[in-house]
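Asks: The structure is given below, and queries will be raised subsequently.
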Amino acid sequence: MSPTFRIILFLPLIAIALIAKCQAEEPISAKEIEFFETNIRPLLVKRCYSCHSTHSGNSEGDLLLDSRKGWEKGGENGSAIVPGDVDGSLLIQAVRYKNPDLEMPPDRPLSDKATAHLEQWVKMGAPDPRDRTEPVEGNNPSDPVAGRSHWAFQPLKTSVIPTVKTTDWPRSEIDSFVLHTLESKDLKPAPDAERRALIRRLYFQLTGLPPTPEQMNAFLSDVRPDAYGRLVDELIDSPRFGEQWGRHWLDLARYADSNGLDENFLFREAWRYRNWVISAVNADVPLNEFLIQQIAGDLLPFDSIKQRDNQRIATAFMVLGPKVLLGNNPDNQRMEIADEQLDTIGKSVLGMTLGCARCHDHKFDPIPTKDYYALAGILTSTKVMERRYMLGQQRVMEQLIGLGEEGDAADVAYEKYWRERSKLKERLDRARQALKLLEEKNEDELAKLAEKHKDAVNDVTADSDLELEQRIESQTSLVTKLDKLMKSPPPIPPRAMMISEGKTKNEHVRIAGEFNQLGDEVPRGFLQVLYDEEVQIPNEQSGRLQFSKWLTDTDSGAGRLAARVLANRVWHHLIGVGIVRTTDNFGRTGEAPSHPELLDYLATELIKSNWSLKGLVRKVAKSRTFQMSSQHHAAGQSVDPENRLLWRAHRRRLPPESFRDALLSAAGTLDLKPMDSTVSYLGDQATAVGANANRRRTDFPCRSVYLPVIRNDLPELFDVFDFADPHAATGMRPQTMVPTQGLFILNDELVMTATEAIAKKIIANVPADNAASRVDELYELLLNVTPSDQERLDILTFVTEISRQ
C-alpha cells in the first residue's frame with residue numbers, strides 16, 4: 001500500500017478527529033451553561049456523586065461524573081456519554097432502566113423529568129462547563145463583595161454625550177453614542193430607511209399591526225416636518241400599543257391559561273392578569289410600580305374595591321408558573337414553587353440565573369447559596385396554593401380570591417357548595433328513598449330511616465298522625481328542592497388568581513437542593529451583591545413588600561441593575577438585538593454590552609422619567625438609529641459582520657402574532673375589541689383528555705394576544721413559528737427556519753380562509769379588465785409597497801398559467 005493511498009484511506013478518520021477537537025473547543029453558550037447549572041449539575045450532585053466523584057472517593061466501575069474529562073474517559077465499559085447521540089450514550093441507557101444489567105442509580109430510578117433533562121443535555125451535545133470554567137483556587141466567584149466589580153452591579157455612570165465628526169447626523173443623544181462608536185471604527189451609518197419601509201417598521205414595532213393602505217397614504221401625504229414624531233406619539237397612545245408591548249412582558253411572566261406538567265388543569269382566571277398587563281402598559285404605569293404590584297399588590301393600600309381588585313389580579317404573576325400537582329410532598333411543592341418564582345423574577349427583572357444557587361454556591365455569579373435561601377424564605381412565607389374541590393375530590397390548586405364588594409363571600413359560598421355537593425347527593429338519594437317508603441306505606445322502615453338520617457325526612461313526613469297525602473306532598477317538595485339544588489349549582493363568581501401572606505418563617509439551606517435535607521437556617525433577605533444594609537423584615541411579614549421595593553430601589557437596592565435590564569429589553573424589541581445580547585443573563589456567563597455608555601444612559605433616562613416605558617420607547621423610536629435602513633455595505637460587513645455596532649438596521653422577522661393579525665387585517669376580518677376569557681368553554685382539564693371532549697379554539701377573530709395559551713397544546717401557529725416557551729420566562733424568543741413553517745402557510749385553514757377573503761376583496765374593488773391594478777392593490781394590502789414592473793409581470797404570468805390548467 002502506497003503512502004499516498006494510506007493518507008487517503010485515513011483522511012476520513014483524520015477529519016473526524018479534527019471535528020471532534022473543534023467541537024471540544026467550541027465555546028459553550030450562556031444558555032447551555034444555564035441549562036447545565038439548573039438541571040444537570042444539581043442532578044449529578046444529588047444522585048451520582050456519592051458513587052462517582054473524586055470528592056466522595058468513590059469511582060464505581062472506574063467512572064467519575066464530577067468532571068467532563070471523567071465521563072469522556074468513561075469507566076469499564078467506555079465513555080459514558082456520546083455527545084449528540086442520546087440512544088448511544090451508556091449513561092442514558094442506564095437511567096432508562098430498560099436493561100437489568102445496567103440500571104443507575106441503583107437505589108431507585110430517576111424521575112421522568114430528570115431523565116428527560118439528561119436526554120436533552122446529551123442531545124444538545126452534552127455542554128459541560130466544569131473543566132473549562134471552574135474557578136482557579138483562591139477565587140470564589142460566588143463572593144458577593146468581590147462580585148460587585150462586575151459591570152452589571154456597578155452604579156450607573158453619568159453618561160457624557162460623546163462628540164462626533166458628522167455633526168448633522170444625530171437627531172438625539174442616542175444617535176451620538178451610536179455614531180461615536182461607528183466613527184471610532186471608521187464606519188458610517190446606513191442611509192435613512194425609505195418612508196414606506198420606516199412606517200411599516202414603526203407600526204409593527206409599536207402596535208404589532210401593519211398600517212392600512214389609508215394610514216400609509218395619510219402619512220406619505222403629510223409634509224409637516226414633525227409628521228414622523230406625531231405618528232410615533234399617536235401609535236404609543238393607541239390601545240394597540242398595550243397589546244403589543246404587554247405581550248413582551250407576558251413572555252417574561254410565562255403567561256399561560258393552564259398549569260401544564262403532570263395535570264394540565266385550566267387556569268380559568270389567568271385572562272384577568274393578561275388584560276391587567278395590557279391595561280397597565282397602556283396606562284403607562286411606572287415600571288417600578290408595575291413590578292411592585294405583581295409581587296406584593298395584595299399588601300398595598302387601596303382607596304376603592306376596584307383598586308384593591310386590580311392589585312390582587314396583578315399578583316397572578318407569582319402564581320402563573322407550572323407546578324407538579326400529583327403526588328408531590330407539600331414541603332417539596334413549596335420549595336419547587338419558590339424556586340420557579342425566583343427563576344422568573346431573576347431572569348425577568350435582574351437578568352440573573354438565581355436558580356443555579358439552589359444546590360450550591362453559584363459557580364459563576366456572586367450569589368452564595370445562603371442568598372438564594374434568604375430570598376426563598378420570603379416566597380415560602382407566601383401562600384400560593386389552596387385546597388379546592390375539583391373533579392370529584394379536594395385538590396391542592398392555585399389560590400383564587402373573590403372580586404367585587406361581595407367577592408370573598410361569594411367565593412366561600414361557591415367552594416362550600418362543591419365541597420358539600422357529595423353530601424347533598426346522598427341526602428337527595430335518602431329523601432327519594434323516604435318518599436318511596438312513604439308511598440309504599442312502609443312505616444317501620446321509614447321510621448328507621450328517619451331515626452338514622454334526620455335530614456332525609458322532614459318533620460311533616462315523619463309525623464304518622466298526619467294525613468298520608470299531606471306527608472307525601474311535603475316529602476315530594478323536599479325532593480324537588482334538593483333536586484333543584486343539585487341541578488343548579490351557583491355560578492362561578494368573579495375571581496382572580498392571587499397570592500397572600502402565609503405562615504412566615506426563615507428557610508434552611510437545603511443540602512444539594514433536597515427539600516428534606518436541612519442545613520443552616522438563613523434569615524430572610526436579599527442579594528448581598530446589591531446591598532450593604534442589614535434587611536429588617538418583621539417576623540409577622542413575609543418580606544414580599546420590602547423585596548418588591550428593593551428590586552427597583554436605585555439607592556440601596558437592585559434598581560440600577562433592574563433599570564439596565566429593562567432598558568435593554570426595550571432596545572432589544574425596537575432595534576432587534578439587545579445592547580446586551582443575552583437579554584436574560586447579565587451575569588458573568590452573559591455577554592458584555594456592545595455600547596455600555598449608551599445602556600447606562602438609557603437606564604438613567606428610564607429612572608429620570610419615573611420609570612416610564614412609553615417615554616423610553618418614544619425616545620428610541622424617534623432616534624435616527626431606529627430610522628436607519630438595513631442597506632448592506634462591504635465596509636461594515638468586513639469590520640462588523642454581526643452588526644453589533646449598528647452600522648445598519650437589523651432585518652426583522654414577524655412574530656406569529658403579527659403574522660396572524662396582519663393576515664386577518666388584510667382580509668378585513670380582524671376584530672380589534674379586547675377579549676376576556678377565550679378558554680371559558682373548556683373543562684377543568686385544559687387538554688382534550690378523558691371525558692373532556694373540548695379542545696382549545698383558535699378561530700376567534702380577535703388579536704392573537706388574546707388566543708388561548710394551553711401548556712403542551714399551543715395553537716399550531718404559535719408552535720410552528722417560535723412562540724415563547726410558556727413554561728419559563730422568555731426574554732428572547734428562538735428563531736428557526738424549518739420546513740413545517742412553509743407547509744403551515746400552504747395548508748393551514750386560517751391562511752386559506754384569510755387569503756380567500758383577501759382575493760374576494762380585491763376582485764370586488766378592482767375591475768376584472770385591470771389585472772395590473774389588482775396586483776398593485778394586493779402588494780399594497782399585504783406589503784405596503786408598490787410592486788416593481790418585473791414583480792407585477794411575474795404575478796400576472798403566474799395567474800395566466802394557473803388559469804389555463
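Asks: Rounded to two decimals, what is the ratio between the C-alpha radius of gyration of segment 79-224 and 2.2 N^0.38 Å? Walk me through the intermediate numbers first.
Replies: Working: Rg = 28.1 Å, N = 146, 2.2 N^0.38 = 14.6 Å.
Segment 79-224 yields a ratio of 1.92.
Asks: List the residues, sorted by chain then number, that are 5 or more residues from residue 522 or on another chain and whose placed amide H is less than 5 Å from its amide H.
Replies: 507, 508, 509
Asks: Now a separate question. What number comes out for accessible area per residue over the chain if the probe is 1.4 Å? Units Å², please.
Replies: Per-residue value: 48 Å².
Asks: How do 695-703, 464-472 rank on mean C-beta neighbours within 10 Å, highest first?
Replies: So the order, starting with the most tightly packed, is 695-703, 464-472.
Asks: From the mean inverse distance of alpha carbon pairs (Kirkwood) and the Cα radius of gyration, derive Rg over Rh for segment 456-500.
Replies: With Rh from the inverse mean 1/r over Cα pairs, Rg/Rh is 1.38.
Asks: Something else: Run the accessible area of the chain with a 1.4 Å probe and give the carbon-and-sulfur part as a rounded percent.
Replies: 53 percent
Asks: Under 14 Å between alpha carbons, and skipping anything fewer than 8 positions from residue 608 in its own chain: which aspartates and glutamates qualify?
Replies: Residue 608 reaches 553, 555, 600.
Asks: Here's a follow-up. Counting only Cα, what are the radius of gyration and maximum Cα-Cα distance Dmax of segment 609-681, in Å?
Replies: Values for segment 609-681 (Cα only, Rg and Dmax): 18.7, 58 Å.
Asks: What FRET efficiency would be calculated for the residue pair residue 654, residue 192, taking the C-beta separation as r and a Förster radius of 22 Å, to the nearest 0.05?
Replies: With a Förster radius of 22 Å, E is 0.50.
Asks: Another one. Please list, in order along segment 344-351, the HN-Hα scalar couplings obtained from phi with the Karplus expression 6.51 cos²θ - 1.76 cosθ + 1.60 (θ = phi - 60°), rounded to whole Hz, x for Gly and Pro.
Replies: 5, 5, x, 6, 6, 9, 9, x
Asks: A further question follows. In Å and on Cα atoms, what radius of gyration and Dmax does segment 548-608 show?
Replies: Rg, Dmax (Cα atoms, Å): 11.2, 32.
Asks: Relative to the longest principal axis of the C-alpha atoms of the chain, give the angle of the C-alpha long axis of helix 789-804, reported between 0 and 90° and rounded to the nearest 10°.
Replies: So the helix axis and the longest Cα principal axis differ by about 50 degrees.
Asks: Report the extension gain between residue 798 and residue 113 in nm, rounded to one decimal, defined as 0.36 nm multiplied by the number of residues separating them, less their alpha carbon distance.
Replies: Taking residue 798 through residue 113 to full extension adds about 241.4 nm, to one decimal.
Asks: May I ask which of 549/673; 383/673; 323/487; 31/505; 69/363; 157/370 have a Cα-Cα span longer than 23 Å here?
Replies: Working: 549/673 35 Å; 383/673 35 Å; 323/487 33 Å; 31/505 34 Å; 69/363 18 Å; 157/370 30 Å.
Pairs exceeding 23 Å: 549/673; 383/673; 323/487; 31/505; 157/370.
Asks: State, in angstrom, two size descriptors of segment 169-302 derived from its alpha carbons: Rg to one decimal place and Dmax to the nearest whole number.
Replies: 20.1, 59
Asks: Roughly how large, in nm² to one decimal, is the mean projection of the convex hull of the alpha-carbon atoms in segment 302-417?
Replies: Mean shadow area of the hull around the Cα atoms is 9.0 nm².
Asks: In addition: Kirkwood Rh over alpha-carbon pairs of the chain, then Stokes-Einstein at 10 °C and 1.306 mPa s: what D in µm² s⁻¹, rounded to an integer? Could the numbers behind the result be given before it?
Replies: Values: Rh = 30.7 Å.
D, rounded to a whole number, is 52 µm²/s.
Asks: Which of the lysines could be linked to residue 481 by a straight reach, that is with a Cα gap under 22 Å, when you skip same-chain ones fewer than 8 residues away?
Replies: Leaving aside lysines fewer than 8 places away in the same chain, those within reach of residue 481 are 416, 423, 425, 436, 452, 454.
Asks: In deg cm²/dmol, rounded to 500, what helix-only [θ] at 222 nm does the chain give when every DSSP H run of at least 4 residues adds -39500 (n - 2.57) and the total is split over its residues?
Replies: Details: 33 runs with 373 residues, N = 805.
Helix contribution divided over all residues of the chain: -14000 deg cm²/dmol.
Asks: Near the amide H of residue 395, under 5 Å away, which other amide H atoms are found, from residues 5 or more places off or on another chain, if H is placed in the peptide plane?
Replies: Close amide H contacts, sequence-distant or interchain: 388, 389, 390.
Asks: Test of understanding: express the Cα radius of gyration of segment 534-684 as a ratio to 2.2 N^0.38 Å, with N the residue count.
Replies: For segment 534-684, the normalised Cα radius of gyration comes out at 1.39.
Asks: Using bins 10 angstrom wide from zero, how does P(r) for segment 334-391 break down, in % of all Cα pairs?
Replies: 24, 49, 18, 8, 2
Asks: Provide Rg over Rh for segment 266-310; use the alpha carbon set for both Rg and the Kirkwood Rh (inverse mean inverse pair distance).
Replies: Details: Rg = 11.0 Å, Rh = 11.4 Å.
Expressed as Rg/Rh, it is 0.97.
Asks: Also, I was wondering about something else. Just subtract the alpha-carbon distance of residue 184 and residue 788 from 0.36 nm times their residue separation and send over the number in nm, one decimal.
Replies: Taking residue 184 through residue 788 to full extension adds about 213.6 nm, to one decimal.
Asks: So which lysines pass the test for residue 165, namely a Cα distance under 17 Å, with those fewer than 8 places away in the same chain ruled out?
Replies: 185, 188
Asks: Along each of its three principal axes, how wide is the spread of alpha-carbon positions in segment 498-611, in whole angstrom units, largest first?
Replies: The Cα atoms of segment 498-611 stretch 46, 33, 32 Å along their principal axes.
Asks: Given +1 on the Cβ of Lys and Arg, -1 on the Cβ of Asp and Glu, and no further charges, what dipole in debye does the chain carry about its Cα centre, rounded to the nearest 20?
Replies: 1140 debye
Asks: Which of the peptides 620-633, 98-111, 65-78 is most tightly packed, and how do the rest follow, going by the mean number of other Cβ atoms within 10 Å of each residue?
Replies: Numbers: 620-633: 18.6, 98-111: 12.4, 65-78: 16.0.
Per-residue mean Cβ counts within 10 Å order the peptides as 620-633, 65-78, 98-111.
Asks: Same structure again: Please compute the Kirkwood hydrodynamic radius of segment 427-501 from all pairs of different C-alpha atoms, in Å with one decimal. Can you show the working numbers first?
Replies: Details: mean 1/r = 0.0723 Å⁻¹.
Final number for the Kirkwood radius of segment 427-501 is 13.8 Å.
Asks: So what are the three principal axis dimensions of segment 415-552 from its Cα atoms, in whole Å, longest to shortest?
Replies: Per principal axis, max minus min of the Cα coordinates gives 85, 34, 24 Å.
The values are calculated or read from the model by the stated rules, or taken from the named source; none is laboratory data. Nothing here was measured: the structure is a model prediction, and the numbers come from that model. Every residue, glycine among them, receives a Cβ derived from its backbone with ideal geometry; neighbour counts consider all protein chains shown. Side chains included, ligands, DNA and RNA excluded: accessible areas come from the protein's heavy atoms. Shrake-Rupley method; radii C 1.70, N 1.55, O 1.52, S 1.80 Å.
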